[in-house]
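Everything on this sheet refers to the single structure shown next.
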Amino acid sequence: MYLLCSCTEEIQLDYRPIDPLYVIEGHVSNEGSEVVITGTRDIDDPVLKTGVEVQSVVLSSDNGIKETLTYREDGTYRSLSFIGIPGQTYTLTVIIDGESFTSSSTMPGITEIVSTRMRWEEMMGNDMLHLIVDVSDKADDINYYYYRILRNGKLFKWNVMRDLDSSSNSVQFDISCMNRDKAEKNDPEDYDSILFEGDDITIEVRAIDMKAYDYLFSAKLSGQNHSNPVYDFDGEVLGYFSAYSSTSKSFVFHYSDIED
């Protein structure tokens, strides 16, 4: 299966001004669990709100496992022992000022990045640098993905997509990353969208469920139509909860490695 993907450069979601609400962003993965709770972020306020400590943050699974997460700092609750298992459904329950907010998510199967390569491709008269990522896909149903590219540890690109071809055991991401003209002009105003020789690059691909896909897809659209994403929790809080499997690969960017 071959997918052509454009990219949105930020997943730092700017929640629009409404009555004050909490924002809960949590996940369970094959690497551990984390929940971050903050106040509403105003798009006109460049300073992020500090995290908040709440009454209770509990993760549970449909096989009876349950854990109360410990508060760390700046609104973060984390567990390295609560590991996601493919096929299990997980529920996050957060109690704030006596009110309970819940969301559930089912963890998809494990995927693996098989290979990565980069090449120039002409698009509408412009040479664009594409990152080609081949990922194993062993599930037999519709699959949903979120990917992100980190450049020197900071978010560079992200997007979500779905694979409708359940007969294939692999999926290929074709990610448009950089305009050649901008790279050659080297204008400081374009530095956020340019890869430089020697940059440390990490590509992470997460297999997510449909509910997480719907939320993140709406979050991407919210940046265009100036609205908040769809609600994911039972109760009036923003944010989302996702159980996912993650695979990643890192490399150093060199122009000499780009295919013609």
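Assorted remarks:
- Residues considered: TYR191, TYR244. Of these, the only one that is of a type in the set (Phe, Trp, Tyr), under 23 Å from GLY153 (Cα atoms) and exposed (fewer than 12 other Cβ atoms within 10 Å of the Cβ) is TYR191.
- Residues of region 77-103 that are open to solvent by 50 Å² or more (accessible area, probe 1.4 Å), small (Gly, Ala, Ser) and either assigned to a strand (DSSP E or B) or touching a residue at least 24 places away in the same chain (Cβ under 8 Å) (or both): SER81, GLY98, SER100.
- From the list ARG148, ARG117, the one residue that fits, being in contact with a helix residue (DSSP H, G or I) (Cβ under 9 Å, 6 or more places away or on another chain) and either in contact (Cβ under 8 Å) with a residue 60 or more places away in the chain or assigned to a strand (DSSP E or B) (or both), is ARG117.
- Filter result for GLU204 (out of contact with any Phe, Trp or Tyr (no Cβ under 6 Å at 6 or more places or on another chain), open to solvent by 30 Å² or more (accessible area, probe 1.4 Å) and among the charged types (D, E, K, R)): no
- Looking only at region 149-190, residues that are within 21 Å of THR106 (Cβ to Cβ) and of a type in the set (Lys, Arg) come to 1 in all.
- Condition check for ASP74: among the acidic types (Asp, Glu), open to solvent by 60 Å² or more (accessible area, probe 1.4 Å) and over 23 Å from the mean Cα position of the chain (by Cα): no
- Sole exception among (1) in contact with a strand residue (DSSP E or B) (Cβ under 6 Å, 6 or more places away or on another chain); (2) under 17 Å from VAL252 (Cβ atoms); (3) basic (Lys, Arg) for ARG206, by number: (2)
The values are calculated or read from the model by the stated rules, or taken from the named source; none is laboratory data. Treat the numbers as computed from the prediction; the structure is a model and nothing was measured. Counting neighbours? That spans all protein chains shown, and the Cβs are built from the backbone with ideal geometry, glycine included. Calculation scope for accessible area: heavy atoms of the full protein, side chains included, ligands and nucleic acids excluded. Shrake-Rupley method; radii C 1.70, N 1.55, O 1.52, S 1.80 Å.
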